[in-house]
Every structure is written in structure tokens, then in C-alpha cells.
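Heads up, the thing below is written out as C-alpha cells.
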Amino acid sequence: MTAGPDELLRALDDLIKLLRRYGVRDWPTWLERDRALIDDGDAQGLDHLLSAFGGMGSLNDLVIHPTNGHDIRLDDTARVDHDLMRLTGEVHHLAGKLRHQAPP
């Protein structure tokens, strides 16, 4: 079964919303730019989005926590971290599937 961009766009919307809610800087702008490209059918958006994963300082390294300057209560960090991991995993998985389906 092939992946469609709508599912990825919805996951990106959810991830962007979560990041903005807790005052994460930079990543929402990165993801919004890629979302717009993907929505326009531009495969460069997928490539740029996938480059956000892996390596030092990547989206995978993000921890939403008050000591990182995020607007979150300590009691909420475990739940939000779980949501963040779920959404980043979903975005990465869907983007990878779409990139694999896209012509070279």
C-alpha cells in the first residue's frame, strides 16, 4: 500500500502544534516550510524534512523540558515526551515511505 501526503501533512500539523504549544523554537518554522513544500508536491520538502532526523542537534534529540526553556510543567514532561516521540516517529516513517515512492 502506498503512503499519501495527507497523512504526513496531518502528522506534521500535530507535531508543529505540539512544539508551538510548549514554546519550542526553530523546529516549528523548519517543519512548516517543509510542510508547505510537501503540500505543493515538491519532493525537496521530503528530503529537507528527513534531514531533520539523525545527527547531533537533530529533531530526535529534542527534549521538551522546563530546564530547556520550554513552557511546560515538570509533571507534564513524561506525557509530552511520549507524544513527541510518537509524532516524530510517525512523521519520519511517513516521510520515508513517501520519499521512497517519489521518482528520483
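The values are calculated or read from the model by the stated rules, or taken from the named source; none is laboratory data. Only a predicted model underlies this, so the values are computations on that prediction, with no experimental measurement involved. Ideal geometry is used to build each Cβ from the backbone, glycine not excepted, and the neighbour counts take in all protein chains shown.
The single condition from (1) modelled with pLDDT of 95 or more; (2) under 14 Å from the mean Cα position of the chain (by Cα); (3) in a helix (DSSP H, G or I); (4) not acidic (Asp, Glu) that residue 24 fails is (3). If you go through the stretch 28-66 and keep only what is small (Gly, Ala, Ser) and either part of a loop (DSSP other than H, G, I, E, B) or more than 14 Å from residue 5 (Cα to Cα) (or both), you end up with 41, 51, 52, 54, 55, 57, 58. Checked against (1) surrounded by 16 or more Cβ atoms within 10 Å (Cβ to Cβ); (2) in contact with a Leu (Cβ under 9 Å, 6 or more places away or on another chain); (3) under 21 Å from residue 86 (Cβ atoms), residue 48 passes all but condition (3). Listed by first and then second residue, the pairs with beta-carbon distance under 9 Å, at least 6 apart or on different chains, first residue in the stretch 54-70 and on the phi < 0 side of the Ramachandran plot and at pLDDT 95 or above, second assigned to a loop (DSSP other than H, G, I, E, B) and aromatic (Phe, Trp, Tyr), are 59/53; 64/22; 70/22.
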